[in-house]
Ligand SMILES: [Ca+2]
Ligand SMILES: [Ca+2]
């Protein structure tokens, strides 16, 4: 290669690096949006080069690990080829091409990618849900998820023997999944018991997206531990973060299985509702009750978890266009909007789900609708189109069950052959080998 060409190439690479730095999310100012921006990484790999070989990132699922040069769902020989093309000048710089993280694309990156592909790499660098680069020593043996929905998702990958600690909420709210003898090291990623975590010697501690801003602080207190923020609980981020964790934990096959299970049902809803015109879509109001407060909040489509679960289910959220992810509701506003359907998200988690019968849920529905003057005039109430949804089928991999439930409630004629309760049983059996009696949604649409 002559000097001139090298200079031009170096110039191009430096330019692209600067561009990447300017356009990529470096810090997470808002925890709710942290994963969204991180997952928009494919926008950083737009290439003008016609010669870019074999560059396919058609899906929006990305493995967020350095060395995934072509931005798809895994690290393999295609990434070696792509990185070589960057070095030769025909391929454009991409977000994860710099496998060694030294701001230069060269043969060291190719070697590193080859080692990762052969399963011989001693460490990986992942980009977490807060946009932080975190080194992980391989192979990973012990992990601590500090948020119960993250724990559920990881259990679905068959990592039960890797988990050495959980959060208190996992024992309180998800006892059906076991791990009852494991120590509690946190509460939903808050007030982490550093001393106990260090005693358990985990390779990785996982924090939920809500703790993105505290991740660096927590990491400082946990030397020799990879502290990563992962959006494994939220519809918006679960696909890429699941792909990334599956790779890191040596559970790629299991992660892909869970992903296709989710995608098949997501696709089914899309296929059956995509021909609906706006006129054929009822309006809906989606609410949840916050913590110990006895106040209802409306969930907007901007909520990366619940709000997204309700989107593209053949209805129109009356909170569309409102600023924020959830807003305290003035009952008058709901009455005026007069939604055709009403969904109540039982976020408190103890009134529905495992062990609850349809009768329990019927009583709960009466309670939810009591003491709401004026609601008797709302279409949803008048026509008995008020539905209860347990948060467990909204967060984590079970979000597709909630998604189907929304769609079937509003369009029973399109989903006659689909029973969300059966799909729930299928999930528990297939991914957790569990049979759990309970009622997670009520009423079941006919
Ligand atoms: Ca790749
Ligand atoms: Ca490098």
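The values are calculated or read from the model by the stated rules, or taken from the named source; none is laboratory data. Only a predicted model underlies this, so the values are computations on that prediction, with no experimental measurement involved. Neighbour counts run over all protein chains shown; Cβ positions are idealised from the backbone, glycine included.
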>> Tell me the residue from 89, 67, 101, 71 that is in contact with a helix residue (DSSP H, G or I) (Cβ under 8 Å, 6 or more places away or on another chain) and away from ligand 1 (no atom under 13 Å from the Cβ), please.
In response: 89
>> Looking at residue 109 and the list (1) within 11 Å of ligand 2 (Cβ to nearest atom); (2) without any contact (Cβ under 8 Å) to a residue 12 or more places away in the chain, which single condition is not satisfied?
In response: (2)
>> Within region 248-268, does at least one residue satisfy the condition of being part of a helix (DSSP H, G or I), over 19 Å from the mean Cα position of the chain (by Cα) and under 18 Å from residue 415 (Cα atoms)?
In response: yes
> In region 165-207, how many residues are farther than 25 Å from residue 393 by Cα and surrounded by fewer than 20 Cβ atoms within 10 Å (Cβ to Cβ)?
Replying inline: 11
>> Need the failing condition index for residue 295 against (1) touching a strand residue (DSSP E or B) at 6+ places or on another chain (Cβ under 8 Å); (2) buried (at least 16 other Cβ atoms within 10 Å of the Cβ); (3) closer than 24 Å to residue 439 by Cα, just the number.
In response: (2)
> Can you name every residue in region 116-131 that is exposed (fewer than 15 other Cβ atoms within 10 Å of the Cβ) and either within 13 Å of ligand 2 (Cβ to nearest atom) or not assigned by TED's automatic domain parsing to the domain that holds residue 75 (or both)?
Replying inline: none
>> For region 209-218, which positions are surrounded by fewer than 18 Cβ atoms within 10 Å (Cβ to Cβ) and either in contact (Cβ under 8 Å) with a residue 60 or more places away in the chain or not assigned by TED's automatic domain parsing to the domain that holds residue 186 (or both)?
In response: 213, 216
> Pick from 303, 275: which is outside any helix (DSSP H, G or I) and buried (at least 16 other Cβ atoms within 10 Å of the Cβ)?
Replying inline: 303
>> I need a count of the residues in region 292-325 that are over 22 Å from residue 370 (Cα atoms) and under 18 Å from the mean Cα position of the chain (by Cα).
In response: 14
>> Looking at (1) within 16 Å of ligand 1 (Cβ to nearest atom); (2) touching a helix residue (DSSP H, G or I) at 6+ places or on another chain (Cβ under 6 Å); (3) at pLDDT 95 or above, which one does residue 125 not meet, given that it meets all the others?
In response: (2)
>> Filter region 327-372 down to the residues that are in contact with a helix residue (DSSP H, G or I) (Cβ under 8 Å, 6 or more places away or on another chain) and free of Cβ contacts under 8 Å to residues at least 24 places away in the same chain and list them by number.
In response: 351, 369
